[in-house]
1. Show which aspartates and glutamates lie in cross-link reach of residue 91 when reach means a straight Cα distance below 17 angstrom and same-chain residues fewer than eight apart are skipped.
2. Quick one: among 89, 128, 66, which has the greatest mean-square fluctuation in a GNM of the chain with alpha-carbon springs under 10 angstrom?
3. For the range 12-139, what does the relative contact order come out to in percent, with C-alpha contacts under 8 Å and a separation of six or more?
4. What fraction of the DSSP beta bridges in the range 12-139 is antiparallel, stated in percent and rounded to the nearest 5?
5. Specify the longest stretch of the chain that does not include any exposed loop site, a site being one of the GluC sites (Glu not before Pro) with a non-H, G, I, E, B DSSP assignment and at most 12 other Cβ atoms within 10 Å.
6. Could you name the aspartates and glutamates whose alpha carbon sits less than 20 Å from that of residue 122, not counting residues in the same chain fewer than 8 places away?
7. Report the Cα centroid-to-centroid distance between the range 78-145 and the range 22-72 in angstrom, as an integer.
8. Taking Cα Rg over 2.2 N^0.38 Å straight from the coordinates, which label in [x] 1.35; [y] 1.13; [z] 1.04 is the correct one?
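The numbers here are math on the coordinates, done by the rules we state, and not lab data. No experiment lies behind these values; they were computed from the predicted model shown. All Cβ positions, glycine included, derive from the backbone under ideal geometry; neighbour counts span all protein chains shown.
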Amino acid sequence: MNITEENKDVSEVDIVGGSAAGLFAGYLLAREGKRVRLFDANDVLNVDSRTLITTSRLTDVLGFFPREAVVNQIDQIDLYSPGRSVTIPMKEPDLVVERAAVVRLLARKALDAGVEIRAGCKLVNLEPGDGGVAVTIRDTHRGRV
């Protein structure tokens with residue numbers, strides 16, 4: 001992510017939603033020197049395992065190999081039929097990653113980059129305003145808005 005002329009003067013960013021996209025955006029913005037607060041209803045450091053994702057592009061997008069999230073690496077496809085079989089090598093391997101492990105990894109990277117992560121926070125309202133958006137969040141841990 002590069003700072004553009006439009007957003008170079010923005011010093012604070014609030015992100016609502018701490019899944020992979022929100023955490024990765026927060027991580028990149030914090031690395032660029034922005035003060036980032038990320039609000040999520042859940043504890044992004046302790047998400048439950050849910051789904052597997054197969055992709056060949058994750059390393060390219062993240063800029064690093066997400067070793068702790070990789071469950072398997074697919075380098076070839078084997079096809080079988082009665083009396084025949086063929087192996088097809090893949091140009092680039094597909095990574096099978098555990099989604100929750102990717103979220104935990106990105107949460108740690110975001111924290112290390114300086115992102116303030118607030119769990120137990122639910123979005124109540126977004127209201128356009130002068131030069132930005134007013135965000136109303138309910139903090140379910142403290143019982144306040």
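1. Partners found: 60, 75, 78.
2. Between 89, 128, 66, it is 128 that shows the largest mean-square fluctuation.
3. 32 percent
4. Details: 22 of 31 bridges.
Around 70 percent antiparallel, to the nearest 5.
5. Of all site-free stretches, the longest is 7-145.
6. 12, 14, 40, 43, 48, 139
7. 5 Å
8. This structure yields the entry labelled [x].
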